[in-house]
1. Among (1) open to solvent by 30 Å² or more (accessible area, probe 1.4 Å); (2) touching a Gly at 6+ places or on another chain (Cβ under 6 Å); (3) in contact (Cβ under 8 Å) with a residue 40 or more places away in the chain; (4) not small (Gly, Ala, Ser), there is one condition residue 128 misses while meeting the rest; what is its number?
2. Filter the stretch 134-147 down to the residues that are surrounded by 18 or more Cβ atoms within 10 Å (Cβ to Cβ) and of a type outside the set (A, V, I, L, M, F, W, C), then identify the one that is farthest from the chain's Cα centre (by Cα).
3. Within the stretch 43-81, how many residues are open to solvent by 70 Å² or more (accessible area, probe 1.4 Å) and among the aliphatic types (A, V, I, L, M)?
4. If you check residue 140 against the conditions, is it assigned to a loop (DSSP other than H, G, I, E, B) and over 23 Å from residue 176 (Cβ atoms)?
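The values are calculated or read from the model by the stated rules, or taken from the named source; none is laboratory data. This one's a predicted model, so the numbers in the text were calculated from it and none came from an experiment. Neighbour counts run over all protein chains shown; Cβ positions are idealised from the backbone, glycine included. For the accessible areas, the whole protein counts, side chains as well, though only heavy atoms, and no ligand, DNA or RNA atoms are used. Shrake-Rupley method; radii C 1.70, N 1.55, O 1.52, S 1.80 Å.
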Amino acid sequence: MAATRAILRAGALALAALVGLSACTGGAAPSAAVIQAFAPADRKAAPTLTGELLDGSGTFDPRGLSGQVVVVNFWGAWCGPCIGEAPELESVYSAHKAEGLAFVGIDVRDELDNARAFAAQNLTYPSIFDPASELALSFAVQPNGVPATIILDRQGRIAAVARGPVVRSELEPVVVALLEESSGRGPG
């Protein structure tokens, strides 16, 4: 009986830890996330990003991303930090999209109407509706929570991961370095 209780207690703790990892992190205001960058030799290929677009316009076509640095942001309209980081993401996107920067949002664990309303008010880049979080599971380096941001280099490899909300002052230098990396203007 004591052994059964111990097993149940351990299982409950493991479940609580898993729920904590998959839950929205923190409050509404973003604070700088730790961005883990990978050297070019250590980068793993990203999966093909495909799914129904949140705006109802059809299926996302990843062919348009070829040769671009791509910021993939996992978010939910129910997530305070996701709401807080949206203007930060938009400012980086607006500042660098002409240089070959693309953004793709992936809305997870959300109600379709809520997600559509949030995206229409806050995002100018496309978002894929993925309520089961299947795309997150397909990445070699998984985001492990929401919000999370994965940055792909121009070759479609995972170059950096931010777990937690991002701010422009932390995201922009990573993006700029990746834009320069393959353009011949910087290291790489």
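1. (1)
2. My answer is 145.
3. Here the count works out to 1.
4. When the stated conditions are applied, residue 140 passes them.
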